[in-house]
1. Would you pull out the residues with amide H under 5 Å of Cys196's amide H, same chain only if 5 or more places away, H placed 1.01 Å from N?
2. Simple spin-label model, 7 Å along Cα-to-Cβ: Gln399 to Thr119 in nm?
3. Roughly what would the spin-label model give for Ser145 and Arg258, points 7 Å off Cα along C-beta, in nm?
4. In nm, what is the difference between 0.36 nm times the number of residues separating Glu81 and Ile428 and their Cα-Cα distance?
5. Once phi is turned into ³J(HN,Hα) by the Karplus curve 6.51 cos²θ - 1.76 cosθ + 1.60 with θ = phi - 60°, what whole-Hz value does each residue of segment 427-439 show in order, with x for glycine and proline?
6. Could you size up the charge dipole of segment 138-251 around its Cα centre, putting +1 on the beta carbon of Lys and Arg and -1 on that of Asp and Glu, and report it in debye to the nearest 20?
7. Under the rule of at least 5 residues apart or a separate chain, name every residue whose amide H is placed under 5 Å from the amide H of Gly132.
8. Using per-residue counts of other Cβ atoms within 10 Å, averaged over each peptide, order 246-258, 101-113, 140-152 from highest down.
Amino acid sequence: MEALAAAPRRAKRRKPEASSEQEGGANISSLVPTTSAPESNPPSPGAGGDESHIQDPPPGAGGEEDGVDRISLLPDAILGEVISLLPTKDAARTRILATRWRHLWSSAPLNLDGGDLRTIDVVSRILSSHRGPGRRFRFPAQRLSYHPATVDAWLRSSALDNLQEIDCWIPFIWGPQELQPPPLPASAFRFSSCLCVATLSQCHLSDDVAQALQFPKLKKLALQSVRISEDSLHSIIAASPVLECLLLSTIFGFHCVRINSASLTSIGVGHADDGYQTSATFLEKFIIEDAPCLKRILYHRPPQTGMPLQVSVISAPNLETLGCLNYTDYSMRLLADTCFMQPYDMMEFRIINSTTPARTVKILAVNTFILSLDEIIDFMRCFPCLEKLYIQAYRGGDQNLWRRKNDNLIKCLDIRLKTVVLNNYRGIKSQVNFATFFVLNAKMLESMTFECQRDSVTDRFLAEQHLLLQLEKRVSRCARVYFTTKRCEHDFMHINHVHDLSKTDPFECDEKGAGVCASFE
């Protein structure tokens, strides 16, 4: 007899945290020198000819049993690396910890987040006083339109020498984007030889500039709401021999792009809902011709954008993760016509010609209007080695009967799924029949999660679902079934930054809000 977990309880709400200024006890503006003059007699990192020289601990510094502040005993270079990992405000506040720490931030690798600071003046003062080198510089993209001279001066600062990451980002609260965005300042390209990560947003990359650049160390590139030609994009990719992650969001200036790269492992492509004019020239076809190391293709387009995008994959022999496939404009080719999926009745999609399955794909996310078991079975035929399946469906559809209809198929279909996640679950007949197929046939199933509407997971609901889903007869005795109201708000797509493309499973949500959760073991 299966045991129902302890009665679900509403998650406790955390008290709002104090503001960062209240925590630190000091405003960052008061910690930044008002002039560019260096501190008087600061101990330089290379004092005594040895950069790793260990200084004596400051008098009276608290510590462990022997009363020694062992952290302050670390070399300047190590402490500087630690400081560079902190948010800008926290890094600046290390100056007030002790005399030993007072000079460190001004000489540590600079991690400057302009979006964290209240005024442009504070950013300018930090750059004028910091001795570098630069590690990361982040600033909102609207500065390019409203304060181009200031941005150019920032990027020319010696505090950003040898910059490793530039992040020109678009705040979510900013309105519709410009179809004629400003050019990126020429000073931004002085970092091309040292950049490892670049996010460029709401700007124009001209052919004469883009095609002359070389990025020998660039591993991650994001272009968001950027006007660029197809030739320039090809040129940038070709000039980045170690590029691993490429994120393209609302690119305009051409219709089609073909990707050939020996280094790319993750690609994210899609459109954002930013109120653009439909008369603009947007990316419509994204073709991956040859990408031998590619493991992840992530496609995201909010349903309300109305801008279709066809993704074709000709050669990606190591592809493991695919999604989130969208019902409204879905059109995809995989592995030289291994699978061909196309719109059906403008509401659903089907797979045609799946005679040569794509056996490398292990993680798949699907965003469909009508929950259809037939379509998901077609997916499993095309991707027979699937281990994780994420499904977002807005309507239950038909009854999803399968016992007689797919009796012969069940005998020959090798279901290797270990994880199934189904959201918008209400426990209606079509959803129950859909889920029961996996409960009774997925021999390797480890977990099945139903994301339900708030306040729907009651003791009565759980007892009914236990019987309807026939959980006592499940073929995988180790499978756990979860019912939760902690819904993911991102439609399975958790790509907020180019760094997120490195996630092994980008559809697994770790940012769910409060709710209740119950499970059957």
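The values are calculated or read from the model by the stated rules, or taken from the named source; none is laboratory data. Since this is a predicted model, take the numbers as computed values, not measurements. Note that each Cβ is placed from the backbone with ideal geometry, even for glycine, and that neighbours are counted across all protein chains shown. We work out accessible area using only protein heavy atoms, side chains counted, and drop any ligands, DNA or RNA first. Shrake-Rupley method; radii C 1.70, N 1.55, O 1.52, S 1.80 Å.
1. Residues meeting the amide H criterion: Glu165.
2. The two pseudo-label positions are separated by 7.1 nm.
3. With each label placed 7 Å out from Cα toward Cβ, I get 3.5 nm.
4. Values: separation 347, 0.36 × 347 = 124.92 nm, distance 5.48 nm.
Full-extension gain reported as 119.4 nm.
5. Those phi angles translate into x, 6, 4, 5, 6, 5, 4, 4, 5, 4, 4, 7, 4 Hz.
6. Working: 8 positive and 10 negative charges, 61 e Å.
Charge dipole of segment 138-251: 300 debye, to the nearest 20.
7. Amide H to amide H, under 5 Å and 5 or more residues apart or across chains, Gly132 pairs with nothing.
8. Working: 246-258: 19.1, 101-113: 21.0, 140-152: 16.9.
Ranking the peptides 246-258, 101-113, 140-152 by packing returns 101-113, 246-258, 140-152.
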